[in-house]
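The values are calculated or read from the model by the stated rules, or taken from the named source; none is laboratory data. All figures in this text were calculated on a predicted structure; none of them were measured in a lab. Glycine also receives a Cβ, built like all others from the backbone with ideal geometry; neighbour counts cover every protein chain displayed.
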Ligand code: ADE
Ligand code: ZN
């Protein structure tokens, strides 16, 4: 079987996807019209042309602007539903999706608006084709820790539907230890933890996410390669890295896909996975990320299977369910 077919056919898990980053220009323009929100774009073409980023911040500015069209319950349902349809199309059988409550609560849109919309779509996909989906509630690191603690309180009625907390937004200048208390509180509530670290920020931020926030996995983490002692820790403890190849190119973390370090991390024995991050902004969903790696780095079929197996091993699924998917990948009984 050729790699393209293998990538498409394998059952996969997506572990690093911001649901607000799956807002396609078509839906953005439709909702802007519905709610009479003025955006600096006249057409879908113009939206796409604007998606040229120099760094993380230049992307985040447009990402928060895009999210401003999400207003009522049905908008959040539509956003989630469209992404879950993609999962079915791409054979992403399990997904762990990040959402940014503060992007909405700061605009006066509460948990009672976005959570019912998300949950309605998730339940429908589960009923219709057995989609498996967990939610990760992210704190915006450019805001004070107090705001994260308040978000944790607001989330109380929905904790049964939230698997973990995460940390995203502007990395430089906002080290993980700024959120030590919020993560400790979340852990006490039984939530798991992840954090973006080592995307633009230095390896020190990865150390801090592990040692002070006690995260279960690191989002991005590609800069770990600069620190041999950190590489040893990540390998020995098999702390997963959720790597996002197309994102890294669009945000200039690497100049070109042929320079991406994911295979070096994999060869070093780290538990690395492939993910889409913000597919509508970065030019592709999960399969496109694998295909871009294959095109520019030349993947062996065993490497594809390893990366896909890693996505289940690094997930928050129970061991039995993990094993069912791992067996399917190994035996090829798809
Ligand atoms: N929010 C959405 N995508 C992000 C990324 N790649 N890094 C940090 N924050 C984000
Ligand atoms: Zn991300």
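Taking the stretch 310-323 only, how many residues are over 21 Å from residue 136 (Cα atoms) and in contact with a helix residue (DSSP H, G or I) (Cβ under 9 Å, 6 or more places away or on another chain)?
Going residue by residue through the stretch 310-323, those that are over 21 Å from residue 136 (Cα atoms) are 320, 323.
The next check asks that each one be in contact with a helix residue (DSSP H, G or I) (Cβ under 9 Å, 6 or more places away or on another chain); those that pass are 323.
Final tally of qualifying residues: 1.
Those residues that are under 21 Å from residue 192 (Cα atoms) and touching a strand residue (DSSP E or B) at 6+ places or on another chain (Cβ under 8 Å), I need them from the stretch 115-130; list them, please. Let's see the steps before the verdict.
Residues of the stretch 115-130 under 21 Å from residue 192 (Cα atoms): 115, 118-119, 122.
Of everything in the stretch 115-130, those that are under 21 Å from residue 192 (Cα atoms) and touching a strand residue (DSSP E or B) at 6+ places or on another chain (Cβ under 8 Å) turn out to be 118, 122.
Considering (1) crowded, with 17+ Cβ neighbours inside 10 Å; (2) under 27 Å from residue 311 (Cα atoms); (3) more than 16 Å from ligand 1 (Cβ to nearest atom), say which one residue 123 fails and leave the rest.
(1)
All but one of (1) over 19 Å from residue 89 (Cα atoms); (2) in contact with a helix residue (DSSP H, G or I) (Cβ under 6 Å, 6 or more places away or on another chain) hold for residue 267; which doesn't?
Status for residue 267: all satisfied but (2).
Just one of the numbered conditions (1) away from ligand 1 (no atom under 16 Å from the Cβ); (2) buried (at least 16 other Cβ atoms within 10 Å of the Cβ) is not true of residue 181; which one?
Checking residue 181 against (1) away from ligand 1 (no atom under 16 Å from the Cβ); (2) buried (at least 16 other Cβ atoms within 10 Å of the Cβ), the one that fails is (2).
Considering only residues that are outside any helix (DSSP H, G or I) and either surrounded by fewer than 22 Cβ atoms within 10 Å (Cβ to Cβ) or away from ligand 1 (no atom under 14 Å from the Cβ) (or both), look in the stretch 184-203 and name the one that is nearest to the chain's Cα centre (by Cα). Spell out the reasoning first.
Of the residues in the stretch 184-203, the ones outside any helix (DSSP H, G or I) are 189-202.
Adding the requirement that they be either surrounded by fewer than 22 Cβ atoms within 10 Å (Cβ to Cβ) or away from ligand 1 (no atom under 14 Å from the Cβ) (or both) leaves 189-193, 200, 202.
Details: 189: 22, 190: 21, 191: 17, 192: 15, 193: 13, 200: 16, 202: 20 Å.
Among those residues, the one meeting the criterion is 193.
So is residue 140 touching a residue at least 40 places away in the same chain (Cβ under 8 Å), within 24 Å of residue 62 (Cα to Cα), within 15 Å of ligand 1 (Cβ to nearest atom) and buried (at least 24 other Cβ atoms within 10 Å of the Cβ) or not?
No, not satisfied.
Scan the stretch 156-181 for residues that are closer than 24 Å to residue 133 by Cβ and either in contact with a strand residue (DSSP E or B) (Cβ under 8 Å, 6 or more places away or on another chain) or within 14 Å of ligand 2 (Cβ to nearest atom) (or both) and jot them down.
Of all residues in the stretch 156-181, those closer than 24 Å to residue 133 by Cβ come to 156-169.
Across the stretch 156-181, the qualifying residues are 161, 162, 163, 164, 165, 166, 167, 168, 169.
What are the residues in the stretch 48-65 that are within 15 Å of ligand 2 (Cβ to nearest atom) and either closer than 30 Å to residue 120 by Cβ or in a loop (DSSP other than H, G, I, E, B) (or both), if any?
Answer for the stretch 48-65, where residues must be within 15 Å of ligand 2 (Cβ to nearest atom) and either closer than 30 Å to residue 120 by Cβ or in a loop (DSSP other than H, G, I, E, B) (or both): 53, 55, 59, 60, 62, 63, 64.
Out of (1) in contact (Cβ under 8 Å) with a residue 60 or more places away in the chain; (2) more than 16 Å from ligand 2 (Cβ to nearest atom), the odd one out for residue 83 is which?
(2)
Only one of 88, 120 is within 20 Å of residue 15 (Cβ to Cβ) and part of a helix (DSSP H, G or I). Can you tell me which? Before the answer, list the steps.
Numbers: 120 fails: within 20 Å of residue 15 (Cβ to Cβ).
Going through 88, 120 in turn, just one is within 20 Å of residue 15 (Cβ to Cβ) and part of a helix (DSSP H, G or I): 88.
What are the residues in the stretch 3-39 that are touching a helix residue (DSSP H, G or I) at 6+ places or on another chain (Cβ under 8 Å) and part of a loop (DSSP other than H, G, I, E, B), if any?
Those that are touching a helix residue (DSSP H, G or I) at 6+ places or on another chain (Cβ under 8 Å) and part of a loop (DSSP other than H, G, I, E, B): 10, 11, 23, 24, 37, 38, 39.
Among the strands (runs of 3 or more DSSP E) confined wholly to the stretch 208-296, which include 2 or more residues that are within 13 Å of ligand 2 (Cβ to nearest atom) and closer than 26 Å to residue 50 by Cβ?
Hits in the stretch 208-296: 217-220.
Only one of 247, 258 is surrounded by fewer than 17 Cβ atoms within 10 Å (Cβ to Cβ), over 18 Å from residue 94 (Cβ atoms) and touching a helix residue (DSSP H, G or I) at 6+ places or on another chain (Cβ under 7 Å). Can you tell me which? Spell out the reasoning first.
Working: 247 fails: surrounded by fewer than 17 Cβ atoms within 10 Å (Cβ to Cβ).
Just one listed residue meets the conditions, 258.
Go over the candidates 324, 230, 299, 270 one by one and state the one that is at pLDDT 95 or above and in contact with a strand residue (DSSP E or B) (Cβ under 7 Å, 6 or more places away or on another chain). Lay out the reasoning, then the answer.
Numbers: 324 fails: in contact with a strand residue (DSSP E or B) (Cβ under 7 Å, 6 or more places away or on another chain); 230 fails: in contact with a strand residue (DSSP E or B) (Cβ under 7 Å, 6 or more places away or on another chain); 299 fails: in contact with a strand residue (DSSP E or B) (Cβ under 7 Å, 6 or more places away or on another chain).
When all the criteria are applied, what remains is 270.
Name every residue in the stretch 214-232 that is out of contact with any helix residue (DSSP H, G or I) (no Cβ under 7 Å at 6 or more places or on another chain) and away from ligand 1 (no atom under 16 Å from the Cβ), in order of residue number.
216, 228, 229, 232
Taking the criterion of being over 20 Å from residue 132 (Cβ atoms) and out of contact with any strand residue (DSSP E or B) (no Cβ under 7 Å at 6 or more places or on another chain), would at least one residue in the stretch 85-98 satisfy it?
Within the stretch 85-98, not a single residue is over 20 Å from residue 132 (Cβ atoms) and out of contact with any strand residue (DSSP E or B) (no Cβ under 7 Å at 6 or more places or on another chain).
Here's the yes/no breakdown for (1) within 16 Å of ligand 1 (Cβ to nearest atom); (2) closer than 26 Å to residue 231 by Cα; (3) crowded, with 23+ Cβ neighbours inside 10 Å:
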position: 273; (1), (2), (3): yes, yes, yes
position: 283; (1), (2), (3): yes, no, no
position: 287; (1), (2), (3): no, no, no
position: 290; (1), (2), (3): no, yes, yes
position: 293; (1), (2), (3): no, yes, yes
position: 297; (1), (2), (3): no, yes, no
position: 300; (1), (2), (3): no, yes, no
position: 317; (1), (2), (3): no, yes, no
position: 325; (1), (2), (3): no, no, yes
